[in-house]
Amino acid sequence: MMNPKKIAAFAAVIILALLVAGALSWTKERYTFNEGTVSRKVEVEPVLPATVEVARGEGRKIVEGEVDLPIDREDRSFTLSDAILTLKGGYDIALPLASAWAKDARLVLVRSIGPVTAKGTAAEWQVLFASKEKEKGYEVLVFRDRAIRELEIESESSGYELPSDWYDSSDALSSLQGQPQFSKATLSSIQFFYNEDGKRWSYGLSTSEGTVSIPVR
């Protein structure tokens with residue numbers, strides 16, 4: 001007959017395993033969706049990246065996000081209530097803060113942090129500026145519809161002039177929507193960066209069909 005202490009220890013191990021499995025299942029469920037069947041709510045928390053500098057050519061590498069959501073606007077299999085602002089919306093909140101930091105502050109990069117919807121909105125945006133006069137960079141993190149961190153950092157860049165009529169993340173996604181190869185595709189991240197080789201701004205999107213670069217002339 002098994003010792004009562006051993007039985008108790010064995011039961012504790014089983015309970016712990018079930019709790020861990022349940023936690024993993026819950027975490028996975030938060031970030032999954034079923035095609036057109038069951039609507040799931042995606043919840044996010046603010047992320048504070050360990051930003052130390054603005055490197056030269058920042059944004060050239062398109063960083064893949066951890067959460068994939070459908071590119072198709074008609075997909076109703078998930079909701080993301082925290083995703084309030086488009087990329088330009090995040091920039092509009094960050095710009096006055098960067099301008100107060102340095103009069104010559106210019107944009108270097110805007111990138112999504114966390115899930116991005118088919119409307120081009122995200123719960124969090126990282127906006128990076130640089131100043132030639134200060135020889136420094138400036139990071140503004142925008143979560144939902146407000147700035148949650150401002151940080152002066154080192155910078156190898158002095159920023160770049162923006163096109164006068166640059167379009168938003170919603171427009172960048174619209175150029176993919178309706179194309180057959182993206183009908184079932186998902187999106188994990190989007191960023192707006194300056195391509196030093198082509199001397200122009202571009203959108204970079206990480207999709208299940210690969211990385212897509214869309215120039216802004």
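The values are calculated or read from the model by the stated rules, or taken from the named source; none is laboratory data. Since we're looking at a predicted model, the values are computed, not measured. In this analysis, Cβ positions are derived from the backbone assuming ideal geometry, glycine residues included, and neighbour counts consider all displayed protein chains. Note: accessible area is taken over every heavy atom of the protein model, side chains too, but ligands, DNA and RNA are not part of it. Shrake-Rupley method; radii C 1.70, N 1.55, O 1.52, S 1.80 Å.
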Point to revise | Cα lying deepest toward the dipole's positive end in segment 52-99, options V52, I84, V63, charges on Cβ | key: V52
Exercise for review: Give K41/K88; K41/K199; K41/K136 a once-over and call out the pairs whose C-alpha atoms are over 30 Å from each other.
Suggested key: K41/K199; K41/K136
Exercise for review: May I ask you to derive the relative contact order of segment 124-217, considering only C-alpha pairs under 8 Å and at least 6 residues apart, and to give it as an integer percent?
Suggested key: 18 percent
Review point. Packing-wise, with mean Cβ within 10 Å as the measure, how do 167-177, 102-112, 143-153 rank, highest first?
Key: 102-112, 167-177, 143-153
Review point. To the nearest 0.05, how large is the calculated FRET efficiency for E196 and I153 if R₀ is 22 Å and r is the Cβ-Cβ distance?
Key: 0.65
Review point. Given a 1.4 Å probe, how much area per residue of segment 82-154 is accessible, in Å²?
Key: 40 Å²
Exercise for review: Give me the percent of the accessible area of segment 95-217 that comes from carbon and sulfur atoms, probe 1.4 Å, all protein chains in place.
Suggested key: 45 percent
